[in-house]
Amino acid sequence: MSAIFRNGLVLTMDDAHTVLPGADVLVIDDRIAEVGHHLTAPDGAEEIDATGGIVMPGMIDTHRHMWQTAMRGYGADWTLTQYFVWYYLESGKLFRPEDIYAGNLLSAIEAIDAGVTTTVDWSHGLQTAQHADAAVDALEAVPGRFVLAYGNIQQGPWDWTASDSFRDFVRRRVDSGKLAGFQLAFDVTGDPAFPEKAAFEVARELGVPVTTHAGVWGATNDEGIRLMYENGFMTPGTVYVHAATLSSDSYHRIAATGGSVSVSTESEQSAGQGYPPTWQLRRHGIPVSLSMDTSVWWSGDLFSAMRTTLSADRSREHLEAHAQQQTITNHHLRAEQVVDWATRGGARSLGMDSQVGALTPGRQADVVLLKNDASPVMFPILNPYGHVAFQAQRGDVHTVLVGGKVVKRDGKLVGVDLATARAKVEDTVSYLRETMGEEAWRRGMNPDVPAAELFDNPYQYTEYDAGSAQWKH
Ligand SMILES: [Zn+2]
């Protein structure tokens, strides 16, 4: 089986960030065979006309609570506090295995549709092994690359990692399964007794990385980082999600121990984990990957991650300078860097850099073609990285290959059963709505708006009565 992208603007994302205009990408079986001009393809190779488009590596999302996609958009007006109350305290435990399946299935389809070929399922709704089986069943039903980050917010990690059913699941579904990777997902509260130690020991024994929400305002802080460091659990491969409210000392510890940070800019801006930290991370030399966190607020679309991350970093740089009465005349963060974070950054963070994240011979053929001849936004393409970060969007994802397999072609998903996903998500939504009751359902979606404070306006016309729209005489 082979395919060839013809005459595209190719962003290889190789070590030199080679950009090749009018170039071809040849895929043989599951791998990139060659990248260059006027390549010869084997007989029968599928020809994909990339003229007018950008060919780039599949994007990588390193932190997504995929099960929450069944509640798409429900929490649009939430803060992190409301999210915690809804999922952790009140309604998260209502989710049955079939609800985990429904959310994961829709999220997995959404990922490949948006050109996100590798996604970490930060799956912290796994209350039982049946829930975990359902999560993996859904991931295996969709032709994308998925890393399962196993978690369970209804129990302490020292409990669920010690259970027989968890060990049995690892044997059945991880050791001999189709997952692209496996991580343990839990948070470190900063409790001086460090009860999470037992879970870190399980990760070490299994030889798998830990991914942890760190530096989340009001939830996790420098104490958690210190405990991990002093107990020897800050190891290469550890992924720190958000890391938005940490001291310089904690950032130094992350940099020195080979960890990376998964930045969810849209989440940090809206939910309140802290200011999106890339402006700090780049000064501490910490590797970055991007993520979308949860579709209870945002869709799983790394174009918006690139766009908001670039903007938030620049916004902060300007504000910090203005506070010193200075002007930024040259931005530090470039579009090229956020495209790297969305591809290579993710691959490095997951220890998959030899397999995915770039279009170089020998790597897995996870390829995305951005092309939309009907769109006025797809020309001219003058600055390719800028075009990806600030101009392109999900609707421009024309063709997607995962491991050489065509999963989207001419803007349409291939071999994906969206109707089943729709029916399953509808079932989950009606079950939750019925179980919660209409009042709780409505209240959950519509948090109170705090009383507005309106400044007195010194320029108000005192002689004008706004109510009657008359001048007073
Ligand atoms: Zn998260």
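The values are calculated or read from the model by the stated rules, or taken from the named source; none is laboratory data. The model shown is predicted, which means the values in this text are computed figures rather than measured ones. Positions of Cβ are backbone-derived with ideal geometry, glycine not excepted, and every protein chain shown enters the neighbour counts. Surface accessibility is based on the protein's heavy atoms, side chains included, excluding ligands, DNA and RNA. Shrake-Rupley method; radii C 1.70, N 1.55, O 1.52, S 1.80 Å.
The figures follow:
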read-out: Karplus-derived HN-Hα couplings along region 359-365 (A = 6.51, B = -1.76, C = 1.60, θ = phi - 60°), whole Hz, x at Gly and Pro; value: 9, 10, x, x, 6, 4, 7
read-out: Interchain or long-range residues, amide H under 5 Å from residue 289's placed H; value: 261, 262, 263
read-out: Accessible surface, per residue, of the chain when the full set of protein chains is kept, probe 1.4 Å, Å²; value: 43
read-out: Dipole magnitude (debye, nearest 20) for the chain, charges at Cβ of Lys, Arg, Asp, Glu; value: 500
read-out: Radius 12 Å from Cβ of residue 383, net charge of other residues (Lys, Arg +1; Asp, Glu -1); value: 0
read-out: Relative contact order (%) - the chain, alpha-carbon pairs under 8 angstrom, separation at least six; value: 19
read-out: Amide H within-cut-off set for residue 2, under 5 Å, with H built and near neighbours excluded; value: 29, 46
read-out: Beta bridges per DSSP with both ends in region 86-212, % antiparallel, nearest 5; value: 10
read-out: Whole-Hz couplings from phi, Karplus 6.51/-1.76/1.60, listed for region 188-200; x for Gly and Pro; value: 10, 6, x, 3, x, 6, 6, x, 5, 3, 4, 5, 4
read-out: Unit charges at the beta carbon, dipole of the chain: most positive-side option, 445, 182, 362; value: 362
read-out: Centre separation in Å (Cα based) which lies between region 314-370 and region 60-115; value: 26
read-out: Carbon + sulfur, % of accessible area of region 154-258 - ligands and nucleic acids excluded, 1.4 Å; value: 49
read-out: Cβ-based charge dipole, region 161-282, positive-most Cα from 193, 206, 162; value: 206
read-out: Antiparallel DSSP beta bridges within the chain, as percent of all bridges there, nearest 5; value: 50
read-out: ³J(HN,Hα) computed for each position of region 237-245 - Karplus, 6.51 cos²θ - 1.76 cosθ + 1.60, integer Hz, glycine/proline x; value: x, 5, 10, 9, 8, 6, 6, 9, 10
read-out: Percentage relative contact order, region 228-275, counting C-alpha pairs under 8 Å, at least six apart; value: 43
read-out: Nearest-0.05 FRET efficiency for residue 449 and residue 374, computed from C-beta distance (R0 41 Å); value: 0.55
read-out: Potential lengthening between residue 418 and residue 179 on full extension [0.36 nm per residue; Cα-Cα distance subtracted]; value: 83.9 nm
read-out: Dipole in debye (nearest 20) - region 1-151, about Cα centre, beta carbon charges: Lys, Arg +1; Asp, Glu -1; value: 520
read-out: Amide hydrogen neighbours beyond the local backbone of residue 149, cut-off 5 Å, H modeled; value: 121, 122, 123, 183
read-out: Cα centre as origin, Lys/Arg/Asp/Glu Cβ charges: region 106-216 dipole, Debye; value: 260
